[in-house]
Amino acid sequence: MSVPVVFDYLLSHLGFFAVLPVLPPLLGRLLPDAGPWFIGAALFAFNFAVRGASLFCATVLHHVPVRRAMISGLLMAAFGFALLPVMPGRLGIVGCLLLAGTGISTNGLMARVYVAMSLENAAARNTVFSAIQVAVNVSAALGPILANIMLGRDMYTPLLLVAAGMYVLAAMAVALLVPAGMRPRDGDVRPPLRLGLLRAVVADPHVRRVSLITAVGGFLYAQFFSAIALHVVHVTESVGLRAGFFTANAVFVVLLQVPVSAYVARRMTTGTSSVRFLTVGVMIFGAAFAVMAFGGAAVIGVFAVVAVFSLAETFFTPTVNTAFSEIPGGRPVVELFNLRQVAATAGESIGAFCGGALFATAMQHHLQPVYWGAVAVFGVLAAVPYLRHPARRTA
């Protein structure tokens, strides 16, 4: 069951991570007069689309076969990246990023729906989501190497075409491996909410609890491909070292994910809430940025930050999917993962904007440690209430 989704994520994220680690400097190459605020706004738009675009077509996706929706999303992402180097001006660039992000969002949502519909046990779902996390990080180990080598040689048009090609290959894999006919509406008693999602985030205590900690974690995670991506360009001019930071992140995650997932699954079977592990991930994210505040000016310090950050990912990222999939109340599966998208969109979009605009401004005034310290304090303070009042599994 997990093979089609793992192949999808492996191939598509080879393209994704060939672009994402270098997207801030790449935007500067595509538009030389772009300032930090445009880069921040473009990163916000891309992250908003990646995380939240599927919210606006939830009703349609509820009725569309899973395989067809995944293929459509992958091809949209391919077109968005392929057109990016030839689209003129700020609006053209942002439009391509929105198109690519919308495709990524659609594919990601429907892939998670496929897993949730195929498996009913929370521990089994978490195991599959962890396998996906490993596949993603295999891609994340290879993509940044290609990205930094090609960007270092000003080959950004071929780089974007290679990324688009990976999405086309992923679409072909989905067409061959995902069974036809499965629709998200199968077994649901009502269509997913649309604007009512925001009301559910506020009014439903289960949704609110998971959404808030997910948004905080998303904000912190988004720093890696915005603020940290800009930081490594400032720390070293070596293309190999720049790629090495991102590749090390992927390698650490691959090495750590299996033992962490085994520990999380064992604890979940005894009743520990998935929210508890989201909180642990957020706390470790905060610790990573504390390390960055004190030692991030040196190359070895950045590698230490990457190691701590990677440990946080292994707790946080797979467990987000599990936490939303087990929210009680009989909600349609598309609605559950759209709730996830609301939280992730809010956290990661704002995080990407801050990492692109505010951090770049902090760099201009030599205030990087202040920025990292503020991010670390935010993460720790947001997690404390969850640690003081741990939840047990309710579903």
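The values are calculated or read from the model by the stated rules, or taken from the named source; none is laboratory data. This is a predicted model, so every value here is computed, not measured. Backbone-built Cβ (ideal geometry, glycine too); neighbour counts: all protein chains shown. Side chains are part of the model used for accessible areas, which takes the heavy atoms of the whole protein and leaves out ligands, DNA and RNA. Shrake-Rupley method; radii C 1.70, N 1.55, O 1.52, S 1.80 Å.
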Item to check | Every residue from region 139-165 that is in contact with a Ser or Thr (Cβ under 7 Å, 6 or more places away or on another chain) and hydrophobic (A, V, I, L, M, F, W, C) | outcome: Ala141, Ile145
Next on the checklist: Residues that are assigned to a helix (DSSP H, G or I), out of contact with any Ser or Thr (no Cβ under 6 Å at 6 or more places or on another chain) and open to solvent by 60 Å² or more (accessible area, probe 1.4 Å): does region 127-134 have at least one?
Outcome noted: yes
Checklist entry - From the set of residues in region 37-83 that are closer than 12 Å to Met110 by Cα, buried (at least 21 other Cβ atoms within 10 Å of the Cβ) and among the β-branched types (Val, Ile, Thr), which is modelled with the lowest pLDDT? => result Val66
Checklist entry - Using beta carbons and a limit of 9 Å, which pairs, at least six apart or on different chains, have the first residue in region 33-58 and without any contact (Cβ under 8 Å) to a residue 24 or more places away in the chain and the second one not small (Gly, Ala, Ser)? => result Phe56/Thr102; Phe56/Arg194
Item to check | Residue within region 236-245 that is of a type in the set (S, T, N, Q) and not in a loop (DSSP other than H, G, I, E, B) present | outcome: no
Checklist entry - What number goes with the only condition from (1) farther than 20 Å from Val174 by Cβ; (2) open to solvent by less than 40 Å² (accessible area, probe 1.4 Å); (3) of a type in the set (Ser, Thr, Tyr) that Ser105 does not pass? => result (1)
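From the list Met292, Met268, pick out the single residue that is surrounded by 20 or more Cβ atoms within 10 Å (Cβ to Cβ) and touching a Lys or Arg at 6+ places or on another chain (Cβ under 9 Å). So that I can check it myself, show each step before the final result.
On the way: Met292 fails: touching a Lys or Arg at 6+ places or on another chain (Cβ under 9 Å).
Matching residue, one of Met292, Met268: Met268.
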Checklist entry - How many residues does region 1-30 contain that are open to solvent by 20 Å² or more (accessible area, probe 1.4 Å) and either polar (S, T, N, Q) or in contact with a Lys or Arg (Cβ under 8 Å, 6 or more places away or on another chain) (or both)? => result 1
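Taking the stated definitions as given, is Val264 touching a strand residue (DSSP E or B) at 6+ places or on another chain (Cβ under 9 Å) and either more than 24 Å from Val380 (Cβ to Cβ) or in a helix (DSSP H, G or I) (or both)?
On the way: touching a strand residue (DSSP E or B) at 6+ places or on another chain (Cβ under 9 Å): yes; either more than 24 Å from Val380 (Cβ to Cβ) or in a helix (DSSP H, G or I) (or both): yes.
So Val264 fits the description; yes.
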Next on the checklist: If I go through region 334-359 residue by residue, how many of them are open to solvent by 20 Å² or more (accessible area, probe 1.4 Å) and farther than 19 Å from Val50 by Cα?
Outcome noted: 1
